[in-house]
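Q: The structure is given below, and queries will be raised subsequently.
The values are calculated or read from the model by the stated rules, or taken from the named source; none is laboratory data. Here the structure is a predicted model, which means the values were calculated and not measured. All Cβ positions, glycine included, derive from the backbone under ideal geometry; neighbour counts span all protein chains shown. In case anyone asks, the SASA skips ligands and DNA or RNA and just uses the protein heavy atoms, side chains included. Shrake-Rupley method; radii C 1.70, N 1.55, O 1.52, S 1.80 Å.
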Amino acid sequence: MEAELRLAISSALECLGVHVDPSRLGLERPARVDHGDWSTNAALVNARSARMAPRELAERLAAELDGAGLPHLERAEVAGPGFVNLYLSPTWLHEVLGAVLRLGADAYARHDLGAGQTVNLEFVSANPTGPLHAGGGRWGAFGDSLARLFRRCGYETHTEYYVNDRGTQMELFGRSLAARLVGRPVPDDGYHGEYVAEWAKELATELGAGPSLGEADLGAALDALGGSAYATSWGRDRALRDVSEALEAMNVGFDHWQSENELVASGAMDDIIGRLSDAGWTYTSDGAEWLATSKFEDSKDRVLRRSDGEPTYFLPDIAYHHQKFRRGDRDIGLVIDVLGADHHGYVPRIAAAMQMLGHLPESYEAIVGQNVTLMRDGEVIELSKRTGTMVEVRELIDAVGPDVARFAFLLQSIDSRQTIDIDLLSAQAAENPVFYVQYAHARIASVARRAESMGVAPVPPAGTDLGTLIGGREVALLRALEVLPSVVEIALRERAPHKVTTWVRDLAAAFHGFYHDCPILHSDNPPEVRDARLCLTEGTRIGLAIGLGLLGVNAPEAM
């Protein structure tokens, strides 16, 4: 309908001597229903070129539209200094419902914005030095839902997790595991969490711990395998298994897990140094090799290799990001990092390095989100693997369930700080917004089962007359379904999955109101009313399935 309205407004303005590109017209849905179905500010914007007062142009525009015979248009009214509000007959929403039923969950609200384009999306990428803390669940929920939006909009989408499995923190983690294994104190700067002790017991079991094998023997067995280096490797694998399982419980998965160690061993760093040096972007100072990132938007140049020849973390990161532009046999057109709040300074230097390597500025994007504050027993929990003061994401899932956890993480914009009270979320699990939404889907399934038991088709045939759907509750539900394609597109463009969360809550609320006030299978209902309402119920089911699918939340048949 929006395209038809844009064309009609543009044509009406042409009749008044004003040329406007239909795609550039201001046309939006008013916040208040009594302001119409659509509203345009075209008269305000074009009054000067028309040499009229805005209100005068608006009145003439409204008159042109009223006389144009536009399908579904009941009237056009001037409001304020020059807005034109358009009031449509419910028949336009009946056409929307027909499209929802015809296209179904696979095709309705699906776009081709990204047809022929590829995107690589990296998110979470927590260090493999322990379990994923509950705050990391936010990055998992956000990144996975964003990937679902990209796919819904036609992009070939590749997701991955970068495994930072080299460097000082990994060495400290291995030494901490080894110390716990043989009963020695953990290094002061090591990892003191209880999980280290638990994993050390698992390692001991694998090494053959038993009544005849004491701590000294365990130490000898570990030394025979490589000492703390083996503990580091074993701990890495154990941490990644834990992270993977926790994320999978939240319906989050990755196409690729990239090890930093493997990247370095491949010679990728030397290749990058060669490329950057040949292009004249590096120089030597005080024995170190530098990259001239300040020539772009970085605040200063960055060291690639220290004077002792050791690379900084920046060098393998550049190599990794360069590789992300090629996955399998496909070139990647857009590389996106989802980063934590402490990475603001990281973005300009990576962006500069990518441009130095020949990638277009618009081909790299970073989404910097805000962290999660967790509370328990009325106090803020300081999240630290090293001190052991942390809540694992699997603990949160065990306490409230994966759907509640994931939905909670997606209630707010990623760029706003989020506070999650674990006790409150656990205690109010039955009242959590996700249950309210899921209950709408379960109610619809119940209606379908009841219809079948009555010998009534739960989904009436195509061509069913929808003309009886004119009541306030029915129209409100139709309106909610109509905006879904726009919500999906906006949520993707703004990198804002929480907009889908808001929409699905609105749809559920509209359905519960409809269900309460508009009997569907009541014996007094004329067949045409019953069938039209069954069609609306099925359309709502399709909308809920799409929305919950984008959020990675289950759509239950019963509750």
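Q: Could you pull out every one of the helices (runs of 4 or more DSSP H) wholly within the stretch 470-559 that has 1 or more residues that are under 21 Å from Tyr439 (Cα atoms), out of contact with any Pro (no Cβ under 7 Å at 6 or more places or on another chain) and open to solvent by 20 Å² or more (accessible area, probe 1.4 Å)?
A: Because the criterion is at least 1 residues that are under 21 Å from Tyr439 (Cα atoms), out of contact with any Pro (no Cβ under 7 Å at 6 or more places or on another chain) and open to solvent by 20 Å² or more (accessible area, probe 1.4 Å), the helices (runs of 4 or more DSSP H) in the stretch 470-559 that meet it are 472-482, 498-517, 527-551.
Q: So Thr159 fits all but one of (1) crowded, with 17+ Cβ neighbours inside 10 Å; (2) at pLDDT 95 or above; (3) out of contact with any strand residue (DSSP E or B) (no Cβ under 9 Å at 6 or more places or on another chain); what number is the exception?
A: Failed condition: (3).
Q: Another one. I'd like the residue in the stretch 339-361 that is of a type outside the set (A, V, I, L, M, F, W, C) and assigned to a loop (DSSP other than H, G, I, E, B) and, out of all such residues, is least open to solvent (accessible area, probe 1.4 Å).
A: Of everything passing the filter in the stretch 339-361, Gly340 is least open to solvent (accessible area, probe 1.4 Å).
Q: Okay, next question. Among the numbered conditions (1) outside any loop (DSSP other than H, G, I, E, B); (2) open to solvent by 30 Å² or more (accessible area, probe 1.4 Å); (3) at pLDDT 95 or above, tell me where Asp423 comes up short.
A: Against the list (1) outside any loop (DSSP other than H, G, I, E, B); (2) open to solvent by 30 Å² or more (accessible area, probe 1.4 Å); (3) at pLDDT 95 or above, Asp423 comes up short only on (3).
Q: Still on this structure, please answer the following. Tell me, which residue of the stretch 450-462 that is open to solvent by less than 80 Å² (accessible area, probe 1.4 Å) and not aliphatic (A, V, I, L, M) is farthest from Gly543 (Cα to Cα)?
A: Result: Gly455.
Q: Show the residue pairs that are 6+ apart or on different chains and have beta-carbon atoms under 8 Å apart, the first residue being within the stretch 153-169 and under 17 Å from Leu247 (Cβ atoms) and of a type in the set (Phe, Trp, Tyr), the second being open to solvent by 10 Å² or more (accessible area, probe 1.4 Å) and part of a strand (DSSP E or B).
A: Pairs that qualify, where the first residue is under 17 Å from Leu247 (Cβ atoms) and of a type in the set (Phe, Trp, Tyr) and the partner is open to solvent by 10 Å² or more (accessible area, probe 1.4 Å) and part of a strand (DSSP E or B), are Tyr161/Glu122; Tyr161/His256; Tyr161/Trp257; Tyr161/Gln258; Tyr162/Glu122; Tyr162/Gln258.
Q: Being open to solvent by less than 50 Å² (accessible area, probe 1.4 Å), hydroxyl-bearing (Ser, Thr, Tyr) and at pLDDT 90 or above: is that true of Tyr439 here?
A: Against the criterion (open to solvent by less than 50 Å² (accessible area, probe 1.4 Å), hydroxyl-bearing (Ser, Thr, Tyr) and at pLDDT 90 or above), Tyr439 does not qualify.
Q: Looking at (1) open to solvent by less than 10 Å² (accessible area, probe 1.4 Å); (2) farther than 28 Å from Gly340 by Cα; (3) of a type in the set (A, V, I, L, M), which is the one condition that is false for Leu396?
A: Here Leu396 meets the rest and fails (2).
Q: Return yes or no: is Ala141 over 26 Å from Met52 (Cα atoms), among the aliphatic types (A, V, I, L, M) and touching a Lys or Arg at 6+ places or on another chain (Cβ under 6 Å)?
A: In short, yes.
Q: Sort through Val78, Val119, Val84, Val96 and tell me the only one that's outside any strand (DSSP E or B) and either farther than 26 Å from Val487 by Cα or hydrophobic (A, V, I, L, M, F, W, C) (or both).
A: The unique qualifying residue is Val96.
Q: Any chance you could count how many residues in the stretch 122-138 are open to solvent by 10 Å² or more (accessible area, probe 1.4 Å), modelled with pLDDT under 95 and not in a loop (DSSP other than H, G, I, E, B)?
A: The number of residues fulfilling the criteria is 1.
Q: Among the residues of the stretch 175-194, write down those that are assigned to a helix (DSSP H, G or I) and either out of contact with any Gly (no Cβ under 6 Å at 6 or more places or on another chain) or among the charged types (D, E, K, R) (or both).
A: Selection gives Arg175, Ala178, Ala179, Arg180, Leu181, Glu194.
Q: A further question follows. Among (1) open to solvent by 10 Å² or more (accessible area, probe 1.4 Å); (2) in contact with a helix residue (DSSP H, G or I) (Cβ under 7 Å, 6 or more places away or on another chain); (3) part of a helix (DSSP H, G or I), which single condition is Lys201 missing?
A: Every listed condition holds for Lys201 apart from (2).
Let's see how each residue does on (1) part of a helix (DSSP H, G or I); (2) open to solvent by less than 60 Å² (accessible area, probe 1.4 Å); (3) within 30 Å of Ile470 (Cα to Cα); (4) not polar (S, T, N, Q):
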position	(1), (2), (3), (4)
Leu5	yes, yes, yes, yes
Ser23	yes, no, no, no
Ala63	yes, no, yes, yes
Ala68	no, no, yes, yes
Pro71	no, no, yes, yes
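Q: In addition: Scan the strands (runs of 3 or more DSSP E) fully inside the stretch 222-338 and keep the ones with 1 or more residues being touching a residue at least 12 places away in the same chain (Cβ under 8 Å), in contact with a Leu (Cβ under 7 Å, 6 or more places away or on another chain) and open to solvent by less than 40 Å² (accessible area, probe 1.4 Å).
A: Qualifying strands (runs of 3 or more DSSP E): 282-285, 288-291, 302-305.
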